[in-house]
Amino acid sequence: MGSTFYEFKAKTLQGKEVSMDEFKGKTVLVVNTASQCGLTPQFEGLEKLYEKYKDKGLVILGFPCNQFGNQEPGDEKSISEGCVLNYGVTFPMFSKIDVNGDTAHPLFKYLKSKLGGILGSKIKWNFTKFLVDENGRPVKRFSPITKPEVIDAYLSKKLG
């Protein structure tokens, strides 16, 4: 397993491999997402955060996941269309991954090892959020029910 955030790679919804080192110097919010979840409207709040802070160094990375209640059953194309059409998402979205278990994406294994949650390191639902600072250090974990507006208060102090 990588020892820094910047060692990981992931494929975008369009199939392009992206190295996390492209985000060096930025504050990164990594989120496991789902299109058919009760929390899916958080896409709107996340997009607002991105719009507000992207020029101050914030990037949000969305990782669709179908491990919770079969709430992301679609393929890359339908996920992409849903995010853009329904919520106007412009931040980077990646291919569907697993976040728990043996098949979990290495990036999520790393983030969970650095920032355990209430139930140990396991992710308990869609829209768990990990904040990585501009030096690539995972610094904060937000629960699925933590609304983007709450994260805004945290970011306004950090990125102001």
For LYS11, other-chain or 5+-apart residues with amide H closer than 5 Å (H placed, Pro excluded) are VAL18, SER95
Taking LEU115, LEU159 and counting other beta carbon atoms within 10 angstrom, the fewest-first order is LEU159, LEU115
With bins of 5 Å, the percent of all Cα-Cα pairs of the stretch 23-144 per bin from 0 is 2, 12, 23, 25, 21, 14, 4, 0
Protection proxy (average C-beta count within 10 Å per residue), highest first, orders 61-71, 84-94 as 61-71, 84-94
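With 10 angstrom as the radius, rank LYS129, LYS48 by how many other C-beta atoms surround their C-beta, starting from the fewest.
If I rank by nearby Cβ atoms, fewest first, I get LYS48, LYS129.
Suppose we keep just the DSSP beta bridges with both residues in the stretch 50-160; what percent of those would be antiparallel, to 5?
60
Run the dipole for the stretch 27-159 about the Cα centre, Lys and Arg Cβ at +1, Asp and Glu Cβ at -1, nothing else charged, and hand back the magnitude in debye, nearest 20.
For this selection, approximately 620 debye.
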Residues meeting the amide H criterion for LYS140 (H placed from the backbone, H to H distance under 5 Å, 5 or more places apart or on another chain) are LEU131
Zone reached by a paramagnetic label modelled 7 Å from LYS77 Cα along Cα→Cβ, restricted to the stretch 1-22 with backbone N below 12 Å, covers none
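Throughout, read-outs are computed from the coordinates displayed, never taken from laboratory work. Because the structure is predicted, anything quoted here is derived from the model rather than measured. Neighbour counts run over all protein chains shown; Cβ positions are idealised from the backbone, glycine included.
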